[in-house]
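Visitor: Let me give you the structure first, and then I'll get to my questions.
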Amino acid sequence: MSNTITESHQTLNFINGEFVSSQHDWLEVISPLDGSQISKVGLSGYSDLDAAVQAAMKAYPNWSGKTLKDRVQVLYKYRELLVKYMDELTELCHRENGKTWSESRAEVEKSIELTEFACSMPQIISNEVQEVSRGVEVRIDRKPLGVVASIAPFNFPNMVPHWTIPNAIALGNCMILKPSELVPMSSTRIAEMLKEAGLPDGVFNIVNGGKETVEAICDHPDIKAVSFVGSTKVAKLVYQRSTANLKRCVALGGAKNHLIVLPGAHEEMTASNVIASMSGCAGQRCMAAAVMVGVDRIEHIIDRMVIEAKKIVPGDNLGSVISLQAKERIEKYINDAEAAGAKVLVDGRNAVVAGKEGGFYVGPTIIDHVTPEMAIAKEEVFGPVIAIIRAKDLNEAIQIENASGYGNAAAVFTQSGGAAREIMERASAGMIGVNIGVPVPREPFPFGGWNDSKFGVCDITGKSSIEFWTQNKKTSVKWNAEAKTNWMS
């Protein structure tokens, strides 16, 4: 069932169990590895979305009417298909996103873990029942919302859709996915595998497109909830537009994660962790290290970071960035910081990979003596670049972190338990790491930041997501005619 990647390949919408063409324009899909065209994708409009919504609404009564245990049986089968097609899914992610093979494989492995969590829902969710007054019981049941939508980004074409799809459909909803138009092909394969696993037609649909499609999702009256992952600028717009149309919305935005390095931190562990956090997935992840705040004497750790960074080679153990525009934007941040007086210790500008000269690569970059007012210290670069700001003590370091408008993640590298505790309590971020450069919680713990990194209530994964994708039905019951009548009955 899989699609062969060729220049003439078309990535289609998936509606009611069938692949169908968009009624609007087409956009080339370019592999950032070498700049070659690997597909073209339709840019859908409101009519395309409405067709998917109608299919989902038709499928909803039967799907939501099944028990939770029956629904997750499909996901058990789907999980096995993720394992079966692991290499194919890895290659597809590698080709359309540009991350390394090992990073792409890790992304698919994380998708399996997310699916396993959804399979565990029958063991996690139990309805509440209590005798609240003599002869009167009240129970709470979790019920699905109906038709829901998920808008996914380019940086994790396989994993981020799995943040939402398994949980939302396990809980009885019917879903419409809008993948990034830059990386739409992994989502096509997800649809094929869900159908192969036995998911009824209409329960899961894909509508490809760009801004017009996103706006249509926010506006459609029959979509009850919207999840979004992307830049903060767009996350705010999606949240405002969706909630103005009386929908639930959780919208994850960008990040500017600060890693605070204290004197006495383990040199090798700190340097390797900071560089891995900065360069993994070419820095195109909201959990990447963006700013290192060095407290007092940490020159020996910076020297070790330089050594570690020089082991990272574009096209080998460092993937591409998503586009030429991204490459140019990242390099402009480096240029501007250097012009403002910062010192480039490792320079990733003008990287070219032999045999892939058309690809979009930025090498690992370390910039020292950055000041807090520089753009590179405040704005999301989204590349394999780390800016080093110096602080005289822990309090100043925390103030620098707190001044960021974002609040996705923060970390501290130290051997002092007291200092670690202070960061854990005072850092203004939703996810904290102690000697961990990428503090992503694993299931059943949820993923989600604070401040301008997230808009809306609940987190997007883990147990918190159950609250987002369901609504409570409260039922009061009295069977005992002999019980006294009171204000409840």
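Visitor: Out of everything in the range 1-25 that is in a strand (DSSP E or B) and either of a type in the set (Ser, Thr, Tyr) or modelled with pLDDT under 95 (or both), what residue ends up being farthest from residue 59 (Cα to Cα)?
Guide: By that ranking, first place goes to 10.
Visitor: Given the criteria in contact with a Leu (Cβ under 7 Å, 6 or more places away or on another chain), of a type in the set (Ser, Thr, Tyr) and buried (at least 24 other Cβ atoms within 10 Å of the Cβ), does residue 227 qualify?
Guide: no
Visitor: Inspect all residues belonging to the range 35-58 and state whether any of them is part of a loop (DSSP other than H, G, I, E, B), under 19 Å from residue 167 (Cβ atoms) and in the same structural domain as residue 122 (by TED's automatic domain parsing).
Guide: So far as the range 35-58 goes, no, none of its residues is part of a loop (DSSP other than H, G, I, E, B), under 19 Å from residue 167 (Cβ atoms) and in the same structural domain as residue 122 (by TED's automatic domain parsing).
Visitor: Pairs under 7 Å by beta carbon, first residue touching a residue at least 12 places away in the same chain (Cβ under 8 Å) in the range 69-81, partner of a type in the set (S, T, N, Q) and part of a helix (DSSP H, G or I), six or more apart or different chains?
Guide: Going by the 7 Å Cβ cut-off, the qualifying pairs are 75/115; 78/115; 79/115.
Visitor: Spot the failing condition for residue 234; the list is (1) within 22 Å of residue 471 (Cα to Cα); (2) surrounded by fewer than 24 Cβ atoms within 10 Å (Cβ to Cβ); (3) not charged (D, E, K, R), and only one is missed.
Guide: In the conditions (1) within 22 Å of residue 471 (Cα to Cα); (2) surrounded by fewer than 24 Cβ atoms within 10 Å (Cβ to Cβ); (3) not charged (D, E, K, R), residue 234 misses (1) alone.
Visitor: Would you point out which residue out of 393, 347 is surrounded by fewer than 21 Cβ atoms within 10 Å (Cβ to Cβ) and within 30 Å of residue 31 (Cβ to Cβ)?
Guide: Testing whether each residue is surrounded by fewer than 21 Cβ atoms within 10 Å (Cβ to Cβ) and within 30 Å of residue 31 (Cβ to Cβ) leaves just 347.
Visitor: Hey, could you check the range 289-311 for residues that are within 13 Å of residue 274 (Cβ to Cβ) and of a type in the set (Val, Ile, Thr) and say which is surrounded by the most Cβ atoms within 10 Å (Cβ to Cβ)?
Guide: Taking the candidates together, the pick is 293.
Visitor: Considering only residues that are within 14 Å of residue 209 (Cα to Cα) and within 24 Å of the chain's Cα centre (by Cα), which ones fall in the range 41-76?
Guide: 41, 42, 43, 44, 49, 52
Visitor: Does the range 179-201 include one or more residues that are crowded, with 22+ Cβ neighbours inside 10 Å, aliphatic (A, V, I, L, M), within 18 Å of residue 464 (Cβ to Cβ) and modelled with pLDDT of 95 or more?
Guide: No, every residue in the range 179-201 fails to be crowded, with 22+ Cβ neighbours inside 10 Å, aliphatic (A, V, I, L, M), within 18 Å of residue 464 (Cβ to Cβ) and modelled with pLDDT of 95 or more.
Visitor: Considering 224, 233, which residue is assigned to a helix (DSSP H, G or I) and under 21 Å from the mean Cα position of the chain (by Cα)?
Guide: It is 233.
Visitor: Within the range 25-51, track down each residue that is over 15 Å from residue 184 (Cα atoms), in contact with a strand residue (DSSP E or B) (Cβ under 8 Å, 6 or more places away or on another chain) and in contact (Cβ under 8 Å) with a residue 60 or more places away in the chain.
Guide: 36, 48, 49
Visitor: Continuing with this model, one more query. Anything in the range 77-94 that is under 19 Å from the mean Cα position of the chain (by Cα) and not aliphatic (A, V, I, L, M)? List them, or say none.
Guide: Listed by number, the residues that qualify are 90, 93, 94.
Visitor: Consider residue 123 against the criteria (1) buried (at least 24 other Cβ atoms within 10 Å of the Cβ); (2) part of a helix (DSSP H, G or I); (3) not charged (D, E, K, R): it satisfies all of them except one. Which criterion is unmet?
Guide: Condition (1) is where residue 123 drops out.
Visitor: Continuing with this model, one more query. When you scan the range 261-274, do you find a residue that is touching an Asp or Glu at 6+ places or on another chain (Cβ under 6 Å), part of a helix (DSSP H, G or I), surrounded by 23 or more Cβ atoms within 10 Å (Cβ to Cβ) and in contact (Cβ under 8 Å) with a residue 40 or more places away in the chain, even just one?
Guide: No: the range 261-274 contains no residue that is touching an Asp or Glu at 6+ places or on another chain (Cβ under 6 Å), part of a helix (DSSP H, G or I), surrounded by 23 or more Cβ atoms within 10 Å (Cβ to Cβ) and in contact (Cβ under 8 Å) with a residue 40 or more places away in the chain.
Visitor: Something else now. Among what's in the range 291-305 and is under 29 Å from the mean Cα position of the chain (by Cα) and among the aliphatic types (A, V, I, L, M), pick the residue that is nearest to residue 376 (Cα to Cα).
Guide: 291
Visitor: Please go through the range 80-106 and pick out each residue that is of a type in the set (Lys, Arg) and either in contact with a Leu (Cβ under 7 Å, 6 or more places away or on another chain) or closer than 21 Å to residue 205 by Cβ (or both).
Guide: Correct list: 95 only.
Visitor: Moving on. Suppose we filter 407, 359 for residues that are touching a Gly at 6+ places or on another chain (Cβ under 9 Å), within 26 Å of residue 266 (Cα to Cα), surrounded by 22 or more Cβ atoms within 10 Å (Cβ to Cβ) and in contact (Cβ under 8 Å) with a residue 24 or more places away in the chain; which single one remains?
Guide: On inspection, the qualifying residue turns out to be 407.
Visitor: Quick one: residue 425 ticks every box in (1) assigned to a loop (DSSP other than H, G, I, E, B); (2) without any contact (Cβ under 8 Å) to a residue 60 or more places away in the chain; (3) among the charged types (D, E, K, R) bar one, so which box is it?
Guide: So the condition that residue 425 fails would be (1).
Visitor: I would also like to ask the following. Keeping to the range 59-79, report how many residues are closer than 22 Å to residue 207 by Cα and assigned to a loop (DSSP other than H, G, I, E, B).
Guide: 0
Visitor: May I ask you to say which residue of 218, 119, 174 is in the same structural domain as residue 32 (by TED's automatic domain parsing), among the hydrophobic types (A, V, I, L, M, F, W, C) and closer than 19 Å to residue 252 by Cβ?
Guide: 218
Visitor: Still on this structure, I have one more. I'd like to check something: does the range 366-381 contain any residue that is without any contact (Cβ under 8 Å) to a residue 60 or more places away in the chain, touching a Lys or Arg at 6+ places or on another chain (Cβ under 8 Å) and outside any loop (DSSP other than H, G, I, E, B)?
Guide: Scanning the range 366-381, I find at least one residue that is without any contact (Cβ under 8 Å) to a residue 60 or more places away in the chain, touching a Lys or Arg at 6+ places or on another chain (Cβ under 8 Å) and outside any loop (DSSP other than H, G, I, E, B), so the answer is yes.
The values are calculated or read from the model by the stated rules, or taken from the named source; none is laboratory data. It should be emphasised that the depicted structure is a prediction, and the values quoted were computed from it without experimental measurement. Neighbour counts are summed over all protein chains in view; Cβ atoms, including those assigned to glycine, are modelled from backbone coordinates with ideal geometry.
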